[in-house]
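Report on the structure given below.
The values are calculated or read from the model by the stated rules, or taken from the named source; none is laboratory data. Bear in mind that the values here come from a model prediction, so they are computed numbers and not experimental data. Note that each Cβ is placed from the backbone with ideal geometry, even for glycine, and that neighbours are counted across all protein chains shown. The accessibility values were calculated without ligands, DNA or RNA, using every heavy atom of the protein model including side chains. Shrake-Rupley method; radii C 1.70, N 1.55, O 1.52, S 1.80 Å.
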Amino acid sequence: MSAVQDRAAWTGATLDHRTDGLHTLSAAEISEIDAALAHLREQGDLDIPDITPDTFPLPTLGAFFRGLRDELRFGRGFLLLRGIPRERYSTDDMALIYVGLGAHIGSPLPQSWQGELLGHVIDVSDIEPGARGYHAGGAQRFHTDSCDVVSLMCLQSAKSGGASRICSSIAVHRRLERERPDLLQVLYDGFIFRRREVDAEHGSGVLVRRISVFTRMDKEISVFLSGDYPNRAVAAGDTVMTPIQREALDAVQRIAASPDTYLDMNIGEGDIQFLNNRMLLHGRTGYEDHSEMSRRRHLLRLWLKVPGWPTQPVGQAMHTAEDHPLWLRQRTPFMEVPSRYLAEITARQAELAH
């Protein structure tokens, strides 16, 4: 095994993210963010694609975020950014700050057929039939997304619970290599995945793909994991999963869910988490939420493509560059603005209540 990803092979039992993966913003850094927000406002009412390092300038903090690209790729693969005074900003300004900071790491990617560049992670399952995981409550199993870096900013915490649970796929890989190399080979060989029909319809049209859970590019191991897509393929008759394939997928979840392997991270209001999506698995603990939409647990999500990183390997993402321009045709300007989004779903909740 190459030593390139040694720092990424951490386990929750041996790592304290409060000392090894936390950056608390200084007063000077917060002032710089304030100045960047003011500069952005001076440019007029800019939409997400217009928020760039030029329109959201960070003369010194920008270098920190550019350096974070290497830490995420070659280091432990995560960072929790703390210190943004949530009470000082409206939800819309928080979104502008979030997108502005993210622009210094990479470019935002659309997250579904609707073309949203900024996702809302909030439980709307009571008004949205068949809600995806990020629009439903409760715990989430370990998975990855289709991007280089996945990030979350917390606008509002749950009543209780809802911690981010992360795990190093490199640590899982090494354990399988020691204990069950036969299962590891199955994960490399791949599975038939079937994504949601609406994503394919509005995108490339490709509904079914062969996906390798692990693959290797040069000396770097990359991961892509989904609990839903392989099961959708079986249910649709696209494939039959063999017992050893099922055992291999279960083994990844079992090892990742071991208390000595995963790391729980509480993302407080105003905190931002950045994860190397190609190296870390992420999930969520269960939580208790409020019934009122305006008080529910609410996080913002970015999927970022990072300049300088190798292209995501073929067979390591369900959503690809072919989909992105097609999905963006559905996007309307400013559709992700939090105040507008919350007003819309609150109105829908009220309609259903009558």
Using a 10 angstrom cutoff on alpha carbons, build the Gaussian network for the chain and name the most mobile of Asp16, Asp218, Asp93. Asp218
Return the carbon/sulfur percentage of the accessible area of the chain, one whole number, probe 1.4 Å, all protein chains in place. 52
To the nearest 10 square angstrom, what accessible area does Asp126 show with a 1.4 Å probe? 80
Percent of all alpha-carbon pairs of segment 66-199 at distances over 26 Å, whole number, is 39
Residue of Gln111, Gln316, Gln43 that the Gaussian network model of the chain assigns the largest fluctuation, springs spanning Cα pairs under 10 Å: Gln43
Express the relative contact order of segment 1-148 as a whole percentage, based on alpha carbon pairs under 8 Å and six or more residues apart in sequence. 24
Electrostatic dipole magnitude of segment 2-78 [Cβ: Lys, Arg +1; Asp, Glu -1; Cα centre; debye, to 20]: 420
For the Lys219, Thr311 Cβ pair and Förster radius 25 Å, calculated FRET efficiency rounded to 0.05 is 0.95
In degrees from 0 to 90, rounded to the nearest 10, what is the angle of the helix 27-42 Cα long axis to the longest principal axis of the chain? 70
Using the Cα centre as the reference, give the magnitude of the dipole from point charges on the C-beta atoms of the chain (Lys, Arg: +1; Asp, Glu: -1; all else neutral), rounded to the nearest 20 debye. 880
What angle do you read, to the nearest 10 degrees and between 0 and 90, between the alpha-carbon axis of helix 243-256 and the longest principal axis of the chain? 50
Report the extension gain between Gln43 and Ala257 in nm, rounded to one decimal, defined as 0.36 nm multiplied by the number of residues separating them, less their alpha carbon distance. 72.4 nm
Rh (Kirkwood; distinct C-alpha pairs) - segment 202-322, Å: 17.5
Glu177 to Ser160: extension gain in nm, 0.36 nm per residue of separation minus the Cα-Cα distance? 2.4 nm
Expressed in nm², what is the orientationally averaged projection area of the convex hull enclosing the Cα positions of segment 264-340? 7.8
Suppose each label sits 7 Å from its Cα in the direction of the beta carbon; what would the Arg7-Glu201 distance come out to in nanometres? 4.6
Using +1 at the Cβ of each Lys and Arg and -1 at the Cβ of each Asp and Glu in the chain, identify which of Thr91, Trp327, Ala9 lies farthest towards the dipole's positive end. Ala9
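Take the Cβ-Cβ distance between Phe74 and Ala236 as r, set R0 to 30 Å, and report the resulting FRET efficiency rounded to the nearest 0.05. Write out the running numbers ahead of the final one.
Details: r = 39 Å, r/R0 = 1.30.
That gives a FRET efficiency of 0.15.
Determine, from the Cβ-Cβ distance of Asp93 and Ala353 and an R0 of 30 Å, the FRET efficiency 1/(1 + (r/R0)^6), rounded to the nearest 0.05.
Efficiency, rounded to the nearest 0.05: 0.50.
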Among (i) 37, 27, 19; (ii) 31, 25, 20; (iii) 72, 29, 19, which is the computed semi-axes √(5λ) of the Cα gyration tensor in Å? (ii)
Note down the magnitude of the dipole of segment 188-237 about its Cα centre, charges +1 on Lys and Arg C-beta and -1 on Asp and Glu C-beta and zero elsewhere, to the nearest 20 debye. 80
For the chain, what is the accessible area per residue in Å² when the probe is 1.4 Å? 42
Cα axis of helix 169-179 to longest principal axis of the chain: angle in degrees, 0 to 90, nearest 10? 10
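Sort His290, His39 by heavy-atom solvent-accessible area, probe 1.4 angstrom, most to least.
Heavy-atom accessible area, descending, gives His39, His290.
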Measuring from label point to label point, each 7 Å out along Cα→Cβ, what is the Arg329 to Asp189 span in nm? 3.9
Of Leu40, His104, Ile127, which is farthest along the charge dipole of segment 1-141 in the positive direction, counting Lys and Arg as +1 and Asp and Glu as -1 at C-beta? His104
Along the charge dipole of the chain, Cβ charges K/R +1 and D/E -1, which of Val208, Gln245, Ser157 sits furthest on the positive end? Gln245
Would you tell me the accessible area of Val240, worked out with a 1.4 angstrom probe on the heavy atoms of the protein chains, in Å² to the nearest 10? 120
For segment 245-354, listing trypsin sites (Lys or Arg not before Pro) in a DSSP loop whose Cβ sees at most 14 other Cβ atoms within 10 Å gives Arg329
Of all GluC sites (Glu not before Pro) in segment 305-354, the ones in DSSP coil with at most 14 other Cβ atoms within 10 Å are Glu322
